[in-house]
1. Does Val138 satisfy being at pLDDT below 95, under 22 Å from the mean Cα position of the chain (by Cα) and aliphatic (A, V, I, L, M)?
2. Suppose we keep only residues that are charged (D, E, K, R) and at pLDDT 95 or above within segment 108-135. Which one would you say is farthest from the ligand (Cβ to nearest atom)?
3. Please go through segment 254-285 and give me each residue that is in a strand (DSSP E or B) and within 16 Å of the ligand (Cβ to nearest atom), ordered by number.
4. From the list His53, His89, pick out the single residue that is in contact with a Gly (Cβ under 9 Å, 6 or more places away or on another chain) and either in a helix (DSSP H, G or I) or not β-branched (Val, Ile, Thr) (or both).
5. Does segment 153-173 contain any residue that is modelled with pLDDT of 95 or more, within 12 Å of the ligand (Cβ to nearest atom), within 25 Å of Val77 (Cβ to Cβ) and surrounded by 20 or more Cβ atoms within 10 Å (Cβ to Cβ)?
6. Is it true that Val234 is touching a Cys at 6+ places or on another chain (Cβ under 9 Å), crowded, with 22+ Cβ neighbours inside 10 Å and either without any contact (Cβ under 8 Å) to a residue 40 or more places away in the chain or basic (Lys, Arg) (or both)?
7. Return the residue satisfying two criteria in turn: it lies in segment 286-312 and is within 8 Å of the ligand (Cβ to nearest atom) and part of a loop (DSSP other than H, G, I, E, B), and of such residues it is surrounded by the fewest Cβ atoms within 10 Å (Cβ to Cβ).
8. Can you tell me which of Val77, Val90 is away from the ligand (no atom under 16 Å from the Cβ) and at pLDDT 95 or above?
Amino acid sequence: MKIAIVCYPTYGGSGVVATELGISLVDRGHEVHFVSYKQPVRLQSLTGNLHFHEVHVPRYPLFHFQPYELALSSMLVEMVKLHQIELLHVHYAIPHAYAAFMAKQMLKEAGIDIPVVTTLHGSDITLVGNHPFYKPAVTFSINNSDVVTAVSKDLRGDTFSYFGVHKEIHVVPNFINVARYDKIRINCERSVVAKANEVIVTHVSNFRPVKRVMDVVETFARIRAKMPAKLMMVGDGPDRMVVEQRCRELNIWEDVIFYGKTNEVSKILCFSDVLLLPSHTESFGLAALEAMAAATPVISSNTGGLPEVNIHGKTGYLTDVGDVEAMASFAVSLLSDKEQLTAFKQQAYAHASLFDVDKIVPQYEALYQQIVH
Ligand code: GMT
C-alpha cells in the first residue's frame, strides 16, 4: 500500500509514534511518504520505499500568520496524484486532520477518493483542541475522517466527552520495538554516570508545564535524602531553567545530569532504576512504555491513560497528581529492596512486550484495509 503520513517532526510522542509506525510499515512491505515541515528526528535514513516531503510555506509580508494548513493540503493533493498515494494517515488533529479533509475535498474534484485516518494523541484533544477557538474545526475534522483512532481508552472517552463526535473511535495503543531495547541492554554502561552504590532515577519529557517537572526534582530530593542517587533529566523545554534553579536551591545540583534533547533516550533508560513521570495529564505516556521496554519500573501520576500502561504494584506505582511524598516513598521502598526491584523490572519488561510493534502495527493495517479501495 502507498501511505502518506503527516506528523510533527519533533521529539514529542506523536511524532515519534508516527515515525516508528512509518518505518515499521516499510519493513512490512508498504511504501511510506512522510510529510512535515522538517524531517522527523527519528527518521534517520530514507530508502526507496521511505520518503520525506518537506512542506514549505512561502513568506509574504501581508501574512501575520503563515498559512501552514493551506500549504500542507496543497502539497498532499499534488503528492497523492504524483505518487498514487492510496491513504493519508494524519497524526495529531491540529491542524493535520483539517488539512487532510481539505485535500480530500480537492482530490474529489479530480475524481480521486482518498481515505483519511486520523490518530488522536492527547494534547490535541485535552489541552489545545477543546479551546473554543479550535473546537468546531477539530470536531468537524474528526467527524469527517474515514477512520479515527485514539492512543488509549481514556483519550477515546475524553474525545467523546469534550467534542460532539459521532464517529466510531478505535483504540490503537502506542507501541515500541522491544527487540531494539533488548540489543541496547547488552551494552548498558551504567558505571559511566553513577557509582555502584548509587541508584539512578530518570525523567524524560518536553519540560512543558503539563509534565510537572518540578515534582520530579522535589521527589528526587526526598529520595536523595535517604540513599545515594543520581537524577537523569532527559529533554528540554520551557520549564528547564526554573528546574535547574531549584536543583541549586535544594543543593542536589551535583547529582543531577541534564541531557537536553538527545537521541540516546533508550540507552539512558537501560541503565535507569526507575522513571518518574508526574504529569498533570497524559493520554498514554510513551516515555513510560519506553522505560518499561528497557526494564525500568515507572512511578507516575494516575492521570489519563497512564493506568493503561503502568500497572500499580506490578510495573511500578501510580499516585495522585502532585503527591511528591507518595512518589518518593514508593521510590525509596522499591529502590531499597533489591529483590522487589528485580521483580518489578521483569514485570515492567513483560508488560511492555504486550505493546510490541509486531502486535500493534497490524491493528493499523487492518483499519487501512477496511477503507482502501
Ligand atoms: O506533550 C507531550 O507529551 C507531547 C504529545 C505529542 O503530541 O507529541 O504527547 C501526546 O502524545 C503521545 C503519543 O501518543 C502520548 O504518549 C502523550 O501522553 C501525549 N501527551 C499528553 O497527553 C499530554
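1. Values: at pLDDT below 95: yes; under 22 Å from the mean Cα position of the chain (by Cα): yes; aliphatic (A, V, I, L, M): yes.
Yes; evaluated as a whole, the condition is true for this residue.
2. Glu109
3. Applying the first criterion (in a strand (DSSP E or B)) to segment 254-285 yields 256-260, 274-277.
Listed by number, the residues that qualify are Leu275, Leu276, Leu277.
4. His89
5. no
6. On the way: touching a Cys at 6+ places or on another chain (Cβ under 9 Å): no; crowded, with 22+ Cβ neighbours inside 10 Å: yes; either without any contact (Cβ under 8 Å) to a residue 40 or more places away in the chain or basic (Lys, Arg) (or both): yes.
Considered against the rule, which asks whether it is touching a Cys at 6+ places or on another chain (Cβ under 9 Å), crowded, with 22+ Cβ neighbours inside 10 Å and either without any contact (Cβ under 8 Å) to a residue 40 or more places away in the chain or basic (Lys, Arg) (or both), Val234 comes out as no.
7. Taking the candidates together, the pick is Gly304.
8. Numbers: Val90 fails: away from the ligand (no atom under 16 Å from the Cβ).
Sole residue among the options that is away from the ligand (no atom under 16 Å from the Cβ) and at pLDDT 95 or above: Val77.
The values are calculated or read from the model by the stated rules, or taken from the named source; none is laboratory data. Since we're looking at a predicted model, the values are computed, not measured. Counting neighbours? That spans all protein chains shown, and the Cβs are built from the backbone with ideal geometry, glycine included.
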